[in-house]
1. Projected area of the chain, taken from the Cα convex hull and averaged over every viewing direction, in nm²?
2. Project the alpha carbons of region 53-104 onto their principal axes and report the range along each, largest first, in whole Å.
3. Where the centroid of each part is defined by its Cα atoms, how far is region 116-168 from region 15-70 in Å?
4. Got a number for the accessible area of Leu18? Probe 1.4 Å, square angstrom, nearest 10.
5. With +1 on the Cβ of every Lys and Arg and -1 on the Cβ of every Asp and Glu, and nothing else charged, how large is the dipole of region 68-117 about its Cα centre, in debye rounded to the nearest 20?
6. Among rounded, prolate and oblate, which fits region 7-86 when a ≥ b ≥ c are the square roots of the eigenvalues of its C-alpha gyration tensor, a/c under 1.5 means rounded, and a/b larger than b/c means prolate?
7. Looking at the chain, identify the longest residue range that excludes and avoids all trypsin sites (Lys or Arg not before Pro) in DSSP loops having at most 15 other Cβ atoms within 10 Å.
8. Give me the dipole magnitude in Debye, nearest 20, for the chain about the Cα centre, with unit charges on the beta carbon: positive for Lys and Arg, negative for Asp and Glu.
Amino acid sequence: VVTLDRVGKTIQNISKELGSEQYALRVKQGTLIIKGEGTVDGGSGCLYNIALRVDGPAVAYIEGGHFKVGADQDGDQNHCIYAADGGKVFISGGKFQSAPKKGTVPAEYTTLNLKDNTGASIEVTGGEFVNFNPGAITFEPGVTSFVKAGYKASLKQYSTTDYIVVAE
């Protein structure tokens, strides 16, 4: 188990290598716990930019911080948090934001995403999601919500696009 407590620190991908997949953090084995109010910035401008990717059998617990990612090399969406091949992500806090899918009106965001049909999972019990409702998923085969039973995604006060997840 590795714990990152990033009080005020930033972990950032600075690569701009076209045609490549780039991550601020990638976990392939073991367990990662992320705490603190630091930033994980997946960057922008590559084929794929991702703030955190978790591949099975790894597990990540996100308890706080700001996770963000900009647009890809074509100005299109990227995924802030991505789980693949049996990877598991548990989110209990933090702020998450990503660039929108190009050409969609209204803008479509895939801030949290799974590699389709690989047994990966994301479970949300807290956090703030900019322009993204983790409780209403339309783009994942067989997944309609990332929000755990007993919790709900609600619009943040004074916002029409940002959601928070809280206990019911």
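The values are calculated or read from the model by the stated rules, or taken from the named source; none is laboratory data. Everything quoted here is computed from the prediction, not taken from an experiment. Glycine gets a Cβ as well: all are built from the backbone with ideal geometry, and neighbour counts include every protein chain shown. With ligands, DNA and RNA removed, areas are computed over all heavy atoms of the protein, side chains included. Shrake-Rupley method; radii C 1.70, N 1.55, O 1.52, S 1.80 Å.
1. Convex hull of Cα atoms, orientation-averaged projection: 9.4 nm².
2. 33, 24, 17
3. 18 Å
4. 130 Å²
5. Here the size comes out at about 240 debye.
6. Cα axes put region 7-86 in the oblate bin.
7. Maximal segment without exposed cleavage sites: 29-101.
8. 260 debye
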